[in-house]
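Participant: For reference, the structure I am asking about is given below.
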Amino acid sequence: MDYATFLAFAVFVIVMTGTPGPGNLTFLAIGASAGYRTAFPVIVASQLGSLPLKLSVAYGLGHVMAGGGPVVTVFKVLSMAYMTYLAWRIVCLSVKPKGEVALPSFWEGLLIHPLSPKTWAMNLVAFSTFLAGNGLGIHENAMILVAGFTLGGMVFHSLWALAGVSILALIGDGPEMRVITVSMAIAMLAATVWALLI
């Protein structure tokens, strides 16, 4: 892989993992509701859960997903259902008394990326654009894809969670925070719908 391609891939990873999507908005809401320490295990889980997705894209399933068909339709239904459930969990964190609603768990975090259309799209685009024709072997490209998006995910999910912590410190957990949390849940669903339509 030449330097220009590697740099373009790195910029793509930064932009895609740093911009709003189901994962980042979830971690913003968790950080705002319960702090970074609570968000961190779910962030780790999200990266572990995305590992099979990244490897499947690198080793061929990505071509099936890119081709459409019944598999993609089932994926879209599962994605929308899970993201709606996650949005509801986030809303409940802000509208119900503290301690009455369990925070998203490590196990729920495992499903954030495998059922996120944005994650599938960014891995498919990255692999087909920057890695498929770069002259390296399939195993090397799989390692680059996994390392790049895992590093980007850990860094930017953490930054979004810390942004949530800062919002909580700035405005407290009153009505303004509820508005922000509900808005993040709505934005997460909107990002999911947008990703499913493109």
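The values are calculated or read from the model by the stated rules, or taken from the named source; none is laboratory data. On a predicted model such as this, the values are computed, not experimentally measured, just so you know. Backbone-built Cβ (ideal geometry, glycine too); neighbour counts: all protein chains shown. All accessible areas refer to the heavy atoms of the entire protein, side chains included, with ligands and DNA or RNA removed. Shrake-Rupley method; radii C 1.70, N 1.55, O 1.52, S 1.80 Å.
Participant: List the helices (runs of 4 or more DSSP H) inside the range 117-198, counting only whole elements, that have at least 2 residues being of a type in the set (S, T, N, Q) and surrounded by fewer than 19 Cβ atoms within 10 Å (Cβ to Cβ).
Facilitator: Values: elements: 117-126, 138-171, 175-197.
Qualifying helices (runs of 4 or more DSSP H): 138-171.
Participant: Next up: Taking the range 31-42, which residues are in contact with a Gly (Cβ under 7 Å, 6 or more places away or on another chain) and of a type in the set (A, V, I, L, M, F, W, C)?
Facilitator: Those that are in contact with a Gly (Cβ under 7 Å, 6 or more places away or on another chain) and of a type in the set (A, V, I, L, M, F, W, C): ALA32, ALA39, VAL42.
Participant: Looking at the range 154-175 only, could you name the residues that are touching a Ser or Thr at 6+ places or on another chain (Cβ under 6 Å) and within 19 Å of VAL91 (Cα to Cα)? Full working, then the answer.
Facilitator: Applying the first criterion (touching a Ser or Thr at 6+ places or on another chain (Cβ under 6 Å)) to the range 154-175 yields 156.
Listed by number, the list is empty, since nothing qualifies.
Participant: Now a separate question. Scan the range 3-31 for residues that are in contact (Cβ under 8 Å) with a residue 12 or more places away in the chain and outside any helix (DSSP H, G or I) and report the count.
Facilitator: Counting residues in the range 3-31 that are in contact (Cβ under 8 Å) with a residue 12 or more places away in the chain and outside any helix (DSSP H, G or I) gives 2.
Participant: Something else now. Within the range 1-51, work out how many residues are under 20 Å from ILE180 (Cα atoms), open to solvent by less than 10 Å² (accessible area, probe 1.4 Å) and at pLDDT 90 or above.
Facilitator: Within the range 1-51, residues that are under 20 Å from ILE180 (Cα atoms), open to solvent by less than 10 Å² (accessible area, probe 1.4 Å) and at pLDDT 90 or above number 2.
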